[in-house]
Amino acid sequence: MAMKALSKATIYQVAQLAGVSIATVSRALRDSELVTPETRERVRAAAQELQFTPSRPARSLAEGRHAANGIVFPDLVGPYYAEVVLGYEATAAALGSSVLILATNGRRDPAAAVRELAGRVDGLTVMGRTVDDEVVAGIASTGLPVVLLARDPVDGVDTVRAGNTNTARALAEHLLEHGHRTITFLGDPDDSPDVAGRYAGLKAALPSKKARLTLVRGNGLDLDAGCAAAPEILASEPDAVVCANDEVALGVLLAAEEAGLRVPEDLAVTGWDDLLAARFAGLTTVRQPMRELGATAARWLDKRINESPSERTAARRRILATEVVTRRSCGVHEEVHP
């Protein structure tokens, strides 16, 4: 005898009516190739009779999943990471997943921590140089969906980044057009793929213009790091300082003011990110879509988690557009240059 339809049917009731397990119900409703056409049809008929609508928790329970994904950051300090997290978490929540966040900064064994997190989630996003490529490849080889964020690609793994090198070239051209020839870059290319791309763009643009580029690595990417590195930079009397991000640039601006220098008359300063504070400070910078970086990674990971074997495609690569925003720290009114 058929079961009477309920207002809120459960996956267990569908399984009972169809004579299969709850895992089979979940796979059948996703058109998994692991279920025969006859069984898929029987499950669909049972679901229709019971007016059953599958929920994310029900699917997770049936498939032995966690209804959560993980994201690995180098650090969680500062507005850049906060913006990326906001974009990622909001999108994951809208898609029905909770998010477990791991910061590797200060951990004695980051690789072990990332592997442990991978065992507790349905998919993993890895940001920046938090762990080596071998760790990423090893996790991906287990079948766990992985997306890379703001780091160089790894074979077979989806990667989403913001543009760095070409936009840094455009920023360099802007400085050159305004007569700057002695330029210092503040940031460590070895610490971040993003910073490495920005430095590479400057290096590519300057030699043909007979400009001199000096690298000062500094110690971090926050305001204090900018303040601490400023005396070394200012002692060499550059025309312009290109900073790896806005926080560092704001530190340089403060130090230059304390040293009695006028910006931009004595020194041009630029940043990267276009934080709200940069706008108030009149800082020339590069605007990047921080929330969209996080949101894109979350969408891609959710798609990988829920796709069937027949839906799997080759690893995707995407570079989100960035743009130079010139303000008074370079002696001009605000303009945007894609």
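The values are calculated or read from the model by the stated rules, or taken from the named source; none is laboratory data. Only a predicted model underlies this, so the values are computations on that prediction, with no experimental measurement involved. Neighbour counts are summed over all protein chains in view; Cβ atoms, including those assigned to glycine, are modelled from backbone coordinates with ideal geometry.
Scanning the range 54-70 for residues that are farther than 20 Å from S308 by Cα, modelled with pLDDT under 90 and not basic (K, R) turns up nothing. Of the residues contained in the range 218-227, none is found to be charged (D, E, K, R) and either outside the structural domain of G187 (by TED's automatic domain parsing) or within 12 Å of T270 (Cα to Cα) (or both).
Residues of the range 204-253 that are within 25 Å of the chain's Cα centre (by Cα) and basic (K, R): R217 alone. Pairs linking a residue in the range 123-148 that is on the phi < 0 side of the Ramachandran plot and of a type in the set (D, E) to a residue that is crowded, with 19+ Cβ neighbours inside 10 Å and part of a loop (DSSP other than H, G, I, E, B), with Cβ atoms under 8 Å and 6 or more positions apart or on different chains, are D133/V154.
For the range 306-330, a tally of residues being buried (at least 20 other Cβ atoms within 10 Å of the Cβ) and within 30 Å of A28 (Cβ to Cβ) returns 0. Looking at E247, is it touching a residue at least 40 places away in the same chain (Cβ under 8 Å) and of a type in the set (D, E, K, R)? Yes: the conditions hold for E247.
Strands (runs of 3 or more DSSP E) fully within the range 260-338 that include at least 1 residues being over 21 Å from G197 (Cβ atoms) and modelled with pLDDT under 95: 335-337.
Tell me yes or no: at least one residue of the range 242-252 is assigned to a loop (DSSP other than H, G, I, E, B), on the phi < 0 side of the Ramachandran plot and at pLDDT 95 or above. Within the range 242-252, one or more residues are assigned to a loop (DSSP other than H, G, I, E, B), on the phi < 0 side of the Ramachandran plot and at pLDDT 95 or above. Criterion applied to T130, T182, T165 was being under 30 Å from A67 (Cα atoms) and of a type in the set (S, T, N, Q), and the one residue passing it is T130. Taken over the range 180-219, the residue count meeting the criterion of being of a type in the set (A, V, I, L, M), surrounded by 15 or more Cβ atoms within 10 Å (Cβ to Cβ) and outside any strand (DSSP E or B) is 7.
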